[in-house]
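Here's the structure we're looking at; comments come further down.
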Amino acid sequence: MGLRVFQKVLGVANCAYGVLLLSRFGRPLLHLAAWPPTLEQQVILLVAGSVLPIGLIGLRFPLFAGIAEFACAYIGNQMLHEAPLTDLRFFSTISMAAGFTILAFAVFHGILEVTREAFGQTEDTDEKRAQGAA
């Protein structure tokens, strides 16, 4: 149970990080007057946008959110090789690390759940709860 709580705390921190990124780099996104957006606007959408909406999804589906966040941040980081935005490159690296961390904990949580079911530990805890309630 403690691992799931940690995943939720990590997801909430990820959402707060997304708000920080949008507050710091979001100004160019408000001026989308022409299409297609500039390289800087595309990178900001990929890096900052990957954290906030995907962080919200990560509260319920951490596995998919970790994969999507890592992928978006990685694509944004690769696009940064053409633009001299060193601050955004640092934040995209942090976003990739956060996505990988969320993914790792989701996989670990899944392995623990499968192991508990395989050895019947969930049935034992259900029986203990039933006995404790009676």
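Annotations
- ³J(HN,Hα) computed for each position of region 34-47 - Karplus, 6.51 cos²θ - 1.76 cosθ + 1.60, integer Hz, glycine/proline x: 10, 10, x, x, 5, 4, 4, 5, 5, 5, 5, 4, 6, 6
- For region 34-109, the mean projected area of the C-alpha convex hull, equal to one quarter of the hull surface, is 5.0 nm².
- Förster-model FRET efficiency, 30 Å R0, His81 and Val19, C-beta, rounded to 0.05: 0.65
A short reminder: the numbers here are calculations on the coordinates, not readings from a lab. Because the structure is predicted, anything quoted here is derived from the model rather than measured. No Cβ is skipped: glycine too gets one built from the backbone with ideal geometry, and neighbour counts run over all protein chains shown.
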